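Derivation of every value follows stated rules applied to the coordinates shown; laboratory data play no part. Given the structure is predicted, the values throughout are model-derived calculations rather than measurements. Note that we place each Cβ from the backbone using ideal geometry, even for glycine, and neighbour counts take in every protein chain shown.
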Amino acid sequence: MSVVLFLVATIVGYVLYSLIQSMKRPKNFPPGPDFIPWMGNAIQLRKEARASGGQHLVFEKWSKKYNSDILGLKLGSEYVVVALSFPLVHEVHISEVFDGRPDNFFLRLRTMGTRKGITCTDGQLWQEHRSFAMRQMRHVGYGRTEMEQYIEKEADSLLTYIDELHGEPTWPGSFLAPSVLNVLWTLTAGKGIGRGDKRLQKLLQLLNRRSKVFDICGGVLSQMPWLRYFAPNWTGYNLICQMNQEMHAFFLEAINEHRASITKENAESDLIYAYIREMNEHSDEAENSTFSETQLTMTILDFFIAGSQTTSNTTDLALMMLALHRDVQKRVYDEITDNLEKHKIAVNLCNREYFPYTSAFIMEVQRYFHITPVTGPRRALRNTTLGGYNVPKDTTVLIGLRVVHMDKAHWGDPEVFRPERFLDADGKVFRDEYFMPFGQGRRRCLGDALARACLFSFLTKIVHRFRIELCEEALPSVVLQPGITLTPKPYKVRFVNRQ
């Protein structure tokens, strides 16, 4: 009997100790709501996010409530700090101590059960492979003239597609993503993917669903991974597993094709060939080499995700704003035609300085909509401080980008859509330090060069060829749908050929 009582007392004591510990805040931790036993703020955050329209709005609400531009939360068992002002966001971006990535169930599931690739890794592996991948991508044209040529070709194909709509009402979001991915896949695998490819369409559908089921913290799968056993569909577990399976098969087919056809002549003609060459060169030291088929697959996945949604969504929003603001559309069109017809200046990235208003318009779309309102997640690599508060080692750090882009003290009228804010007194584009759609520092977005080039090329070609008109039966909204990335609600416009 005494043994039973001892065991019961031990269990009860452990439960009470665990309960108390789960509610304790670390010493000098940033302010925020009280922690619920074992759950922290996970349930509260999820509930308020659904009611208010996204996590980013909850963070801003709590920032005002606790009169602090830094929040300290606990989601499940993870401590989370949210930076919500320009000085703190800038510090997280540039400080090496915040270069880490969390190592949790959701991020490992996202990378097919591994800790590979570029986006979700840190340390030596991240540094080595980010450097290698970007060097090889530049070698095959990323950020250079060759990439512009791929984009120009894809833009012409896009114009043909729009022409064939014959002015029928359509939602641009339904056809933009394949164009962006086609350019990216050409750099990655040496050839494009047909717009009608059924596998591509299925992958894009899965990616779109993923962006709505999860948030930047990984949702309930990150905070309560055990729920996948009871609600695999509701938690998004089945969705991620299906996406992993489809993508792995898609990428593996391309890798095997390259493996069978690699030669000395083509060994650096695209990213996949370059990785295979590197794997072959390190075959004798396979156990110690970080170059593997799994690493290659995850690197392709990182580029695929980086280029699949944010660029197409931003282009979609830009077309929407041109339809809503006819005066802005006219100024963009006039600038294009003046340069093309009067000054014989071609519309391409090399000549972007001659299109300041168009460039300012694109920047204002990125600032106004901030489709990734909270970026990250980062991980504190050691015990450190931020904003005068303690940030324990392995704390997840989130970056409130929307707060910076909507800072009233800096922008004056951030809620007003005004491209002129990015033009100086001479009408030239200037770079505002508060404008950071692709982040800053070593973790800057992998796809920034592709995004800037696609946005400029696609928009200028579309506006030069077509007048974009609203459709009364499906008017757009500037209130976006929440998720990992914010997306426009489906709407319709008419593309009327100016000829």
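Expressed as a rounded percentage, what relative contact order does the chain have, with Cα pairs under 8 Å and six or more residues apart?
Normalised by residue count, the contact order of the chain is 22 percent.
Using alpha carbons only, how many angstrom separate the centre of the stretch 273-329 from the centre of the stretch 353-385?
Using only Cα atoms to place each centre, the spacing works out to 18 Å.
Nearest 10 degrees is fine. How inclined is helix 310-324 to the longest principal axis of the chain, computing both from alpha carbons?
60
Please list, ordered by chain and number, the residues whose modelled amide H lies under 5 Å from the amide H of TYR79; skip anything fewer than 5 residues away on the same chain.
THR396
Determine ³J(HN,Hα), in whole Hz, for all residues of the stretch 107-123 in sequence, where each value follows from phi through the Karplus function 6.51 cos²θ - 1.76 cosθ + 1.60 and θ = phi - 60°; x replaces Gly and Pro.
5, 5, 5, 4, 9, 6, x, 10, 10, 10, x, 10, 4, 9, 10, 8, x
Among PRO392, ILE300, LEU381, which residue has its Cα furthest toward the positive end of the charge dipole of the stretch 41-497, with +1 on Lys/Arg Cβ and -1 on Asp/Glu Cβ?
PRO392
Find the centroid of the Cα atoms in the stretch 458-499 and in the stretch 401-429, then give the distance between the two in whole Å.
If you average the Cα positions of each part, the centres end up 22 Å apart.
Place the peptides 291-298, 73-80, 334-341 in order of packing, highest mean first, counting for every residue the other Cβ atoms within 10 Å and averaging per peptide.
Taking the mean over residues of other Cβ atoms within 10 Å, the ranking is 73-80, 291-298, 334-341.
What ranking of ARG199, ARG209, ARG228 emerges when the number of other C-beta atoms within 10 Å of each C-beta is taken as an exposure proxy, fewest first?
ARG199, ARG209, ARG228
Which whole-number percent gives the relative contact order of the stretch 251-364, counting Cα pairs below 8 Å spaced six or more residues apart?
The value is 14 percent.
Once both axes come from the Cα atoms, what is the angle between helix 326-337 and the longest principal axis of the chain, in degrees from 0 to 90, rounded to 10?
Result, in degrees: 60.
In percent, how large is the relative contact order of the stretch 310-456, given Cα pairs closer than 8 Å and 6 or more residues apart?
Result for the stretch 310-456 is 26 percent.
Sorted from fewest to most neighbouring beta carbons within 10 Å, what does the list ASP316, ASP448, ASP163, ASP99 look like?
ASP163, ASP448, ASP99, ASP316
Out of residues 5 or more away from VAL391 or on other chains, whose amide H comes under 5 Å of its own, with H placed 1.01 Å from N in the peptide plane?
Long-range HN contacts for VAL391: THR384, THR385, LEU386.
Per DSSP H run of n ≥ 4, the term is -39500 (n - 2.57); total these for the chain, divide by its residue number, and report the mean residue ellipticity at 222 nm rounded to 500 deg cm²/dmol.
The helix-only estimate for the chain comes to -16000 deg cm²/dmol at 222 nm.
Taking Cα Rg over 2.2 N^0.38 Å as the quantity of interest, determine which of (1) 1.27; (2) 1.47; (3) 1.04 was computed from the displayed structure.
The calculated read-out lines up with (3).
Using θ = phi - 60° and the Karplus relation 6.51 cos²θ - 1.76 cosθ + 1.60, list the HN-Hα couplings for the stretch 341-357 in order, rounded to whole Hz, with x at every Gly or Pro.
Computed from phi, the couplings for the stretch 341-357 are 8, 8, 9, 6, 9, 5, 8, 8, 4, 4, 9, 4, 4, 7, 10, x, 5 Hz.
The stretch 127-161 to the stretch 178-207: how many Å between their Cα centroids?
First find each Cα centre; the distance between them is then 14 Å.
In whole Hz and in residue order, list the ³J(HN,Hα) couplings for the stretch 390-399 that follow from phi through the Karplus curve 6.51 cos²θ - 1.76 cosθ + 1.60, θ = phi - 60°; x for Gly and Pro.
Whole-Hz 3J(HN,Hα) from phi for the stretch 390-399: 6, 10, x, 3, 6, 5, 7, 10, 9, 10.
In what order do CYS350, CYS120, CYS471 fall by count of nearby beta-carbon atoms within 10 Å, going from fewest to most?
Least to most surrounded, the residues fall as CYS350, CYS471, CYS120.
Which shape class applies to the stretch 177-294: rounded if a/c is under 1.5, otherwise prolate when a/b exceeds b/c and oblate if not, where a ≥ b ≥ c are the square roots of the Cα gyration tensor eigenvalues?
oblate
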